[in-house]
Amino acid sequence: MEIVAPSSAAVQLYDYQRTAVEDLRGAIRALRRESRDPRVLLVAPTGAGKGTIASWMIAAACAKGSRILFLVNRRTLVQDLSRRLYRLGVAHGVIMASNPSKPWLPVQVASIDTLQRRPHVPPADLIFVDEAHFSLSNIWLSVIAKYPGVPVIGMTATPCRADGRGLGDLFNEMVECPGTAELTERGHLAPARIFAPSQPDLSGVQVQAGEYNQKQLASAVDKGQLIGDIVEHWARLAKGRPSVVFAVNVEHSRHIVSQFEAVGISAQHVDANTPDADRDRLWADLETGRVQICSSVGVISYGWDVPCVSCGILARPTKSLALYLQQCGRVLRTHASKEFAIILDHAGSVLEHGFPDDERSWTLDGARKRKKPERDPALSVRMCLQCWCAFRSTQTQCPACGWQYISQKAEIKTAAGELQELTESPKPQPYRIKKLSDNPAFAYFQQQAEAREKSHRWAWMQYQLFTEGKIGAPDSIFAAWQQYERGRRGAA
Ligand SMILES: [Zn+2]
């Protein structure tokens, strides 16, 4: 016997989730009063419990006899969402090709592609749009247009699309949950420590429609040395932690697995074709420690909820802020065994996008805007040269190992495209460097960057790799740099 109407008592809301529900309802009422389409976007970071909020609202709406349509844009997400709703006690039908539907149930979950092709759409009094940042294609608009006047609630962690445009074409109002930093402070998310021990060279990888060309990306990162780096740093920084890897493609993921196995670490690969039962077993094995590394391609996304996982390895460089935040969010769930989570960034993501808990403010009608003036995220990140912890450039001491930033009062800023080091010292300094380009090694990498048409960031990263002994420079440059460093340190 099916449970037709789920019980809202099965879902408990935190206070901020309750506030979000009230705000959503208030926004829908206000839009109706103004005779505008009641389409509201809920913005909540990964881990804030969008699914919980939706389930609670679904349960409440069902109790009043309403019919609900839940739209998602990918088939794999239909299955994920369906499983999640069952866990929350929400019985539902699934509208998807080759799937026996249960059209009599008041809650229907539909893949947008399937629904668009069907001659009849199911009736609905309330529509949810999941991963709403994908929702501006004509298909979405044409389906939603079949429900005039019906409230639409979109949900997303990142209300901007790959091209940076807003979602104002579809949604008329926005409701925001507290951000990652606030949820961490309140104890709803675990704090993260980020290490960025290696940076892939992506100079040959093209960007198409706002994301890296996947084929070129795979050949740029699927290299023995880079993968060796992943294994080595995990062993040094995160050994013993249940860990997930985000890989570019299946081959890349399998290479990562085999390199972990080669040093006696139990690792397994998972992708969209892995049967549900195998996936469930893998999550359980992560929990018990039988498997330490789960290397994944595109599956650890919506609704994936294995809170014991406390290390995320970013091996898939992305231009998408949404994807980056989603990857980080996977390890930020709280768990008794987890004082803090570790993120090992081998994808250049923290330099590309900033910290996962950076304050980001969003608007419906444009690209994301930071509350503070737009600044290259790379410049807000400082890297510990001892342990590769990434920390905010407002700090001078590494939070992981205590290392002091080498020129403690200095900050690197770009002025008119020129990298320079500014000294801001309350006390007289024994030595001063007016320009970082006085540093012969850095100057060398800057010249290399210019010759290869690379960015300043590239030069800076090469320099950091050089200081760690990871990459070399011509003997004359190395000798000059040693002398330069001796001079600096000797004077100090
Ligand atoms: Zn450190």
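For this structure, a couple of remarks:
- Of the residues making up segment 325-372, just one is farther than 30 Å from GLY289 by Cα, out of contact with any helix residue (DSSP H, G or I) (no Cβ under 9 Å at 6 or more places or on another chain), modelled with pLDDT of 80 or more and among the aliphatic types (A, V, I, L, M), namely LEU364.
- Out of LEU81, LEU77, LEU88, sole residue that is at pLDDT below 80 and either closer than 19 Å to ASP125 by Cα or in contact with a strand residue (DSSP E or B) (Cβ under 7 Å, 6 or more places away or on another chain) (or both): LEU81
- Set side by side, the residues ALA54, ALA48, ALA60 differ, and just one is modelled with pLDDT under 90 and in a loop (DSSP other than H, G, I, E, B), which is ALA48.
- Where helices (runs of 4 or more DSSP H) fall wholly inside segment 208-286, the ranges with 3 or more residues that are surrounded by fewer than 20 Cβ atoms within 10 Å (Cβ to Cβ) and over 22 Å from the mean Cα position of the chain (by Cα) are 224-237, 250-262.
- Answer residue from segment 347-363, given it is of a type in the set (D, E, K, R) and touching a Gly at 6+ places or on another chain (Cβ under 9 Å) and is surrounded by the fewest Cβ atoms within 10 Å (Cβ to Cβ) among those: GLU359
- Inter-residue pairs, beta-carbon under 6 Å, first on the phi < 0 side of the Ramachandran plot and aromatic (Phe, Trp, Tyr) and in segment 388-406, second within 9 Å of the ligand (Cβ to nearest atom) and part of a loop (DSSP other than H, G, I, E, B), 6+ apart: PHE391/PRO399; TRP403/CYS384; TRP403/GLN386
- Check on GLY187, assigned to a loop (DSSP other than H, G, I, E, B), closer than 26 Å to SER337 by Cβ and of a type outside the set (Phe, Trp, Tyr): yes
- Residue match in segment 41-50 (condition: out of contact with any Gly (no Cβ under 6 Å at 6 or more places or on another chain) and surrounded by fewer than 18 Cβ atoms within 10 Å (Cβ to Cβ)): no
The values are calculated or read from the model by the stated rules, or taken from the named source; none is laboratory data. Not measured: the values here are computed from a predicted model. Positions of Cβ are backbone-derived with ideal geometry, glycine not excepted, and every protein chain shown enters the neighbour counts.
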